[in-house]
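Undergrad: Got a structure for you, questions after.
The values are calculated or read from the model by the stated rules, or taken from the named source; none is laboratory data. Please read these numbers as outputs of a predicted model, since none were measured by experiment. Here the Cβ is made from the backbone with ideal geometry for all residues, glycine too, and neighbour counts use every protein chain on show.
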Amino acid sequence: MLSVELARHMRHRRYDVVSVKELGLGNRRIDDETVLTLAADDQRAVLTFNISDFSALHTQWLSDGRQHSGIILSRQLSEIGELVRRLSRHLELYSRPTTTIC
């Protein structure tokens, strides 16, 4: 899930980003389905390092005819600056102007 620090860095770059912790849900164990549902309801894409579970969840949503605003899959990087650069580049190339991230 998106860390508060990463969210802060992305907002500094003028992206509309929020972490699950900032939504007041960070101290509770919430399942991936709930994260994606909350993001979809708020028209936000999800950034996750949980590639296998969210890939399967995406496939399940497609099978069920459900839609979401996107899932950005990434391997976890130890250097937050590198993740900020890569995520910014990805958003510059592939996002719609109104894409927001949870």
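Undergrad: What do you reckon, is HIS9 at pLDDT 90 or above and either of a type in the set (Lys, Arg) or in a loop (DSSP other than H, G, I, E, B) (or both)?
TA: Values: at pLDDT 90 or above: yes; either of a type in the set (Lys, Arg) or in a loop (DSSP other than H, G, I, E, B) (or both): no.
In short, no.
For (1) more than 20 Å from HIS12 (Cα to Cα); (2) part of a loop (DSSP other than H, G, I, E, B); (3) at pLDDT 90 or above, each residue gets a yes or a no:
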position: LEU25; (1), (2), (3): yes, yes, no
position: VAL35; (1), (2), (3): yes, no, yes
position: VAL46; (1), (2), (3): no, no, yes
position: THR59; (1), (2), (3): yes, no, yes
position: LEU62; (1), (2), (3): yes, no, yes
position: GLN67; (1), (2), (3): yes, yes, yes
position: ILE72; (1), (2), (3): no, no, yes
position: ARG89; (1), (2), (3): no, no, yes
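Undergrad: Given the conditions (1) over 20 Å from SER95 (Cβ atoms); (2) surrounded by 12 or more Cβ atoms within 10 Å (Cβ to Cβ), report the number of the one that GLY65 does not fulfil.
TA: Result: GLY65 fails condition (2) only.
Undergrad: Out of (1) without any contact (Cβ under 8 Å) to a residue 12 or more places away in the chain; (2) surrounded by 15 or more Cβ atoms within 10 Å (Cβ to Cβ); (3) under 18 Å from GLU92 (Cβ atoms), what's the single condition that is false for ALA45?
TA: Unmet for ALA45, out of (1) without any contact (Cβ under 8 Å) to a residue 12 or more places away in the chain; (2) surrounded by 15 or more Cβ atoms within 10 Å (Cβ to Cβ); (3) under 18 Å from GLU92 (Cβ atoms): (1).
Undergrad: If you don't mind, another one. Please find, within region 13-32, the residue that is nearest to the chain's Cα centre (by Cα) out of those that are exposed (fewer than 13 other Cβ atoms within 10 Å of the Cβ) and more than 23 Å from ARG89 (Cα to Cα).
TA: Among those residues, the one meeting the criterion is ASP31.
Undergrad: So LEU93 fits all but one of (1) modelled with pLDDT under 90; (2) surrounded by 13 or more Cβ atoms within 10 Å (Cβ to Cβ); (3) among the hydrophobic types (A, V, I, L, M, F, W, C); what number is the exception?
TA: (2)
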